[in-house]
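Enquirer: Dumping the structure here so I can ask a few things about it.
The values are calculated or read from the model by the stated rules, or taken from the named source; none is laboratory data. Small disclaimer: the values here were computed from a predicted structure and weren't measured. A quick note on method: Cβ atoms are made from the backbone with ideal geometry, for glycine too, and the neighbour counts reach across all protein chains shown.
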């Protein structure tokens, strides 16, 4: 069993930001801390984005601390650009990312105040864990009666192949979901499909004009309040609304973004609403978002009765040895950067005290940032 002060789980924006601040604060890479990442290569969730999401279409991608992303070709896939940037970042700061490593569970070790991190590549003992696993590995599939009877294709955003796939060209496609990804899918697929329908549970709310700091603080405060109450975090778009870009405006004028209410069941060849209306479909795209990938923390019993993990700053209230970065109000690129710094500051105080729970609280202001990632669902 290997032993370190801190294990960072995940090497996306949140994990690399946390690793950077650990190193800058004096923790030795590979000696005092290690980063475990289950992905096959650098890039976090970005490496799995669909090929038509070019870097120029990504709004609000904030640079990692200490190293800007410059000179990127806006026409290249964001998956390639950001994966290369993350790889260069890991090399530049000598960050000890081990991959592919699946973290299967984190539990109390039962000795020395340590946490036991069980993985596919052996176990680690740590005095603290920074969890930065994001949401990409937990796509949310709503349960709708009749789904198992559908004879067409069902896809989730997590496996969206781009608009020119056989599942879309010349097909009747239903896109389900009220987030940015649903809108992006519709705008692309409508150019090749025979027909598209947009279905959401609630009427979408489009945001016109600039989204400034005041609006950002208000949006983050709503998400933060849910986390403080131990409720599952809301999606970014549910708080901020959908951005009304020129491309979105043109799509609305073409009728692509005419929304229908949620259907009540799936049939063998389409979908059906409660009033008996039906629509035929060859493919259903579930752009229904993601949930935090935190099942490996279950042995620590961090969840509140409301279903979420209650945080003070980034620290889990039920176990101060565990910090969640990129969860709730810090689930944006700039938010993850600031939350990584706050988590490290809090953990440094905790480890110096020698007693879990005696560390000073991480500043809540670190998570008071504007969530702007265009790929958020």
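Enquirer: Residues that are at pLDDT below 95 and on the phi > 0 side of the Ramachandran plot: does region 263-277 have at least one?
Expert: Checked against the condition, which is being at pLDDT below 95 and on the phi > 0 side of the Ramachandran plot, region 263-277 yields no hits at all.
Enquirer: Determine if region 62-69 includes at least one residue that is touching a strand residue (DSSP E or B) at 6+ places or on another chain (Cβ under 8 Å) and not assigned by TED's automatic domain parsing to the domain that holds residue 188.
Expert: No, the conditions are met nowhere in region 62-69.
Enquirer: Let me ask something else about it. Only one of these is over 27 Å from the mean Cα position of the chain (by Cα), farther than 24 Å from residue 154 by Cβ and in the same structural domain as residue 180 (by TED's automatic domain parsing): 255, 276. Name it.
Expert: 255
Enquirer: Does region 20-30 contain any residue that is closer than 30 Å to residue 165 by Cα and at pLDDT below 95?
Expert: No - not one qualifying residue is present in region 20-30.
Enquirer: What number of residues in region 246-271 are in contact (Cβ under 8 Å) with a residue 60 or more places away in the chain and not in a helix (DSSP H, G or I)?
Expert: Of the residues in that region, 17 qualify.
Enquirer: Of the conditions (1) modelled with pLDDT under 95; (2) assigned to a loop (DSSP other than H, G, I, E, B); (3) within 16 Å of the chain's Cα centre (by Cα), residue 39 satisfies every one except a single condition; which number is it?
Expert: Condition (1) is where residue 39 drops out.
Enquirer: Further question: Of the residues that make up region 278-300, is at least one loosely packed, with under 15 Cβ neighbours inside 10 Å, assigned to a loop (DSSP other than H, G, I, E, B) and at pLDDT 95 or above?
Expert: No, the conditions are met nowhere in region 278-300.
Enquirer: Could you list all residues from region 52-65 that are surrounded by 15 or more Cβ atoms within 10 Å (Cβ to Cβ) and assigned to a loop (DSSP other than H, G, I, E, B)?
Expert: 52, 53, 58, 60, 61, 62, 63, 64, 65
Enquirer: Does residue 134 fit the bill of being in contact (Cβ under 8 Å) with a residue 12 or more places away in the chain, in contact with a strand residue (DSSP E or B) (Cβ under 7 Å, 6 or more places away or on another chain) and on the phi > 0 side of the Ramachandran plot?
Expert: Judged against the criteria, residue 134 is not a match.
Enquirer: Can you find a residue that is surrounded by fewer than 17 Cβ atoms within 10 Å (Cβ to Cβ) and touching a helix residue (DSSP H, G or I) at 6+ places or on another chain (Cβ under 6 Å) anywhere in region 1-12?
Expert: no
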